[in-house]
Amino acid sequence: MAGDGRRVVVFPFPFHGHATPLLRLASVLHTRGFAVTIFHTELRAPMSEYSEAPFKERLTAALAEEGAGVRCVIADVAWYKALSVSSALGVPAMGVMTASAANYRVYMAYPMLIEKGYLPVQEARREDLVQELPPYRVKDLLRLEASSLQGFADLLRNTIEAPRQSAGLIFNTLRAIEADDLDTIRQEESLPVFALAPLHKLAPPGNTSSSLYGETQADRECLDWLDTQEPGSVVYVSFGSLAAMDPHEFVELAWGLAASKRPFLWVVRPTLIRGYESGQLPDGLDEQIRDHGRLVSWAPQVEVLAHPAVGAFITHSGWNSTVEAVSEGVPMICLPLHGDQFSNARYVCDVWKVGMEIEASSAAGQNLERGKIKAAIDKIVHDKGIRERMDAFKLAADEAVNSQTEVKALVDLINSF
Ligand code: UDX
């Protein structure tokens, strides 16, 4: 890519949910006149420790290239070694947090959470408020077995320490939803912070795919099907790129959707149902579901959420899905399954109040019931308060796109290097 001697090196972490926002950000910078070089690991190995030597070698080569004009390195904070190598080579580096600012605060607080006994999560304390980190409850925290806790705490310590030597932090978020968390991070980490969402709208259309990272071809015919549906009538169901559920949970969800008597569009990746990797659905369910809705193995999600026919989103509360839904003003029924999804759902339901949660994940995995699904759908489509708050967020997201305030500030900073 050409770019009048101003080049940025972008280093995405090799998972779909991480790479998508980084590639969208690369695209935004390219439209602002920067040349962009994307670094990616040959085997897509997600291990920061092992990336150090090859990253150093590649960056040194890029710096030596005549006319390369590398202004800065922008790397996922999960590549903390890349951030420190860049700084050591004298190249300004910026970290990107692809999950929420609130989760970054959980990273910062992790030693305290262990010290005060919130972690590892004890069953008896699940519902307790984390006094030092409201609105989180103990059950919302990144859950790990006691044996893995220290290793994970070390990883998070590295993840927040490397950006401290960097030139700034970029968040895949909107100020309208995370202003307080962003301010706290700016103050406590003494770093410039940028809220670069909605990246799927800041990047030029058609330039937002991350097919490098194993995405299957999106089924675009589902958009034609949406065109035939009433405004606000369709329930869109998707669990992102990684999550998996037990056949029991899948069956309950299917019957709950059918009982709602609403049209639905459901992304059923081949790996979504544990034990059904062949793509074949549990006994007879296929026909039952197809009578009521449409199944695809991968949807053009941002276009689906923007479609006027879509009135509610049943989601695993992955961060990208959450930001996309907020930006398109689609109320959410949250069914968090692992990792940061519990804490994202807490914000959606209790802080922004634009969704409701169905607790799906018990130790036995038996919590998800068809009745709860149907009741949540019935409730959310008639909830005026949620609708109004979502409309306000959508306006704020549109304003972020129109004003480009955060993009301009980021570009100014990079130009100052
Ligand atoms: C993972 C974690 O699960 C998530 O919690 C974390 O915040 C980021 O890493 P993932 O599970 O893939 O990500 O979920 P999410 O963050 O929601 O990202 C999914 C992306 O895939 C979204 O950008 C979404 O638009 C896209 N997608 C999903 C599609 O384009 N089509 C689909 O059919 C499904």
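The values are calculated or read from the model by the stated rules, or taken from the named source; none is laboratory data. Keep in mind it's a predicted model, so treat the numbers as computed, not measured. Virtual Cβ from ideal backbone geometry, glycine too; neighbours counted across all protein chains shown.
List of remarks:
- Counting residues in the range 252-261 that are modelled with pLDDT under 85 and away from the ligand (no atom under 12 Å from the Cβ) gives zero.
Table: residues versus (1) over 26 Å from E324 (Cβ atoms); (2) modelled with pLDDT under 90; (3) more than 16 Å from the ligand (Cβ to nearest atom).
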site: R32; (1), (2), (3): no, no, yes
site: H40; (1), (2), (3): no, yes, yes
site: E49; (1), (2), (3): yes, yes, yes
site: L59; (1), (2), (3): yes, no, yes
site: L63; (1), (2), (3): yes, no, yes
site: G67; (1), (2), (3): yes, yes, yes
site: R71; (1), (2), (3): yes, no, yes
site: K81; (1), (2), (3): yes, no, yes
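- In summary, no strands (runs of 3 or more DSSP E) completely within the range 295-377 bear 3 or more residues that are at pLDDT 95 or above, touching a Ser or Thr at 6+ places or on another chain (Cβ under 6 Å) and among the hydroxyl-bearing types (S, T, Y).
- For the range 391-401, the criterion of a residue being away from the ligand (no atom under 16 Å from the Cβ), part of a loop (DSSP other than H, G, I, E, B), in contact (Cβ under 8 Å) with a residue 60 or more places away in the chain and not charged (D, E, K, R) is satisfied by no position.
- Here V310, V330 are screened, and the one residue that is within 25 Å of T98 (Cα to Cα), away from the ligand (no atom under 11 Å from the Cβ) and of a type outside the set (G, A, S) is V330.
- The range 262-271 - residue that is closer than 26 Å to K379 by Cα and in a loop (DSSP other than H, G, I, E, B) and, of those, farthest from the ligand (Cβ to nearest atom): R262
- Only a single criterion out of (1) modelled with pLDDT of 90 or more; (2) of a type in the set (V, I, T); (3) more than 22 Å from W79 (Cβ to Cβ) is not satisfied by T216, namely (1).
- Selection count, the range 322-347, where residues are of a type in the set (G, A, S) and either surrounded by fewer than 24 Cβ atoms within 10 Å (Cβ to Cβ) or under 24 Å from L129 (Cβ atoms) (or both): 4
- Across the range 228-251, the number of residues qualifying as of a type in the set (D, E) and either near the ligand (Cβ under 10 Å from one of its atoms) or part of a helix (DSSP H, G or I) (or both) comes to 1.
- Filtering the range 178-194 to residues that are under 20 Å from Y136 (Cβ atoms) and among the hydroxyl-bearing types (S, T, Y) leaves only T184.
- For the range 176-204, a residue qualifies if it is outside any strand (DSSP E or B), more than 16 Å from the ligand (Cβ to nearest atom) and crowded, with 20+ Cβ neighbours inside 10 Å, and the qualifying residues are L182, I185.
- Number of residues in the range 123-149 that are modelled with pLDDT under 90, more than 23 Å from the chain's Cα centre (by Cα) and not aliphatic (A, V, I, L, M): the value is 4.
- For the residues G90, G33, G95, G17, the requirement of being closer than 24 Å to A197 by Cβ and without any contact (Cβ under 8 Å) to a residue 60 or more places away in the chain singles out G33.
- Checking each residue of the range 42-51 against the condition of being free of Cβ contacts under 8 Å to residues at least 60 places away in the same chain, in contact with a helix residue (DSSP H, G or I) (Cβ under 9 Å, 6 or more places away or on another chain), surrounded by fewer than 23 Cβ atoms within 10 Å (Cβ to Cβ) and of a type in the set (A, V, I, L, M) gives at least one match.
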